[in-house]
Structures are given as structure tokens and as C-alpha cells.
């Protein structure tokens, strides 16, 4: 059974955003605390370990909050904007914007979709999008499916274009550490049932 529910995650994000605008670090702190309260024992509440990410021609950075073989939850974004290909996966990918905005389109669309703070974008299995962050954007990203199958796309640019082997190593190391942590927490899953589950509009 999945640990996380995307609608509940969106509800947690919206409640944090409703508390008022703030600098990004306090916003991330409040969100991490709210997620840790909703999912006890599962969220990494330690210092944020940002890792660069080059994928599909776009560049940003991410910090993992949770990862297993079948799910991950992370903060992702860029302060300077970027543009590229979303990737085409066998997983579900949900992006809840926290700050800034993200523009997307799929094949056949001639008008962009704009996702703003509190709103959630969805990328289904086998689908792909073009996306652009026009200035800056930070989001909570949740994916459900066989996560290791996403790694080739996520690391291809670092291996063949930027040749940033340090980022490749840090990505593998961070993901592996969280997966091992998820194995250790398997027995606590019944205690991680979301509290005050809320369905966002």
C-alpha cells in the first residue's frame, strides 16, 4: 500500500501556504514539520541536503524528504528559471507548487497550463510534458511507482552532457540512504496513517 496520498499532501501544502507568505527557508521548515506530523517517523527532518539535478535539458536542485523503491517525496526547484522535457516514466508524478509558477504543455496543446502556489500538476505513466519555470519555482514533488526506473533519465544529462560525476554519486548516495531508512521504518507504517486527512479542491 502507498504511504502517501497526493490529495492529502496538497492539503498539507495549502494549509502551510495559508499561514502567510514568508521567506523560503521558513516555508520549507514549516512544511517539513507539517509533513512529519502527518506522517510520523517517515519524513527526514534533518538539515536539507540539496543536490543538483540536470534532466531533459532542465536544471534545478532537490532535497529528499522520503524515498523507497516505490515512492519518493522531495522539494525541487530553481531560483533562476529553467526549461526542458519532463521525462516519460512508468510512474505517477505529482508536483505541488509552493512558490513561483510552472508552465507546461503536452503534445497537441497550443496553450500553456500555468500551475501556481497551492495547485498540483500531474504527469501520468507513459506521458511527457514540456515545462518551463519562467523565473523561479519551488515545489513538493511526489512520485509513486518503480522509482529506480526513473534514474536513467534523471542522471543521463549528468553522465553525457555536464559530466558532473559528483552529482551522480550524491544522487545515488542520497537515494540509497533514504531507501535503507524506509526499510527500517516498514514496521512503523501503521503509525504513519495521515492525520486529519484533507482533500484539497
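Each value in this text was obtained by applying a stated rule to the coordinates, not by laboratory testing. No experiment lies behind these values; they were computed from the predicted model shown. Glycine also receives a Cβ, built like all others from the backbone with ideal geometry; neighbour counts cover every protein chain displayed.
See the values below:
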| item | result |
| --- | --- |
| Cα centroid separation, segment 73-127 to segment 1-68 (Å) | 16 |
| The chain: most fluctuating residue of 63, 160, 82 per GNM, C-alpha cutoff 10 Å | 160 |
| Whole-number D in µm² s⁻¹ for the chain, Kirkwood Cα-pair radius fed into Stokes-Einstein, 20 °C, 1.002 mPa s | 125 |
| Estimated inter-spin distance, residue 160 and residue 180, nm [label 7 Å along Cα→Cβ] | 3.1 |
| Residue-averaged 222 nm ellipticity for the chain, from DSSP H runs of 4+ at -39500 (n - 2.57), nearest 500 | -9500 deg cm²/dmol |
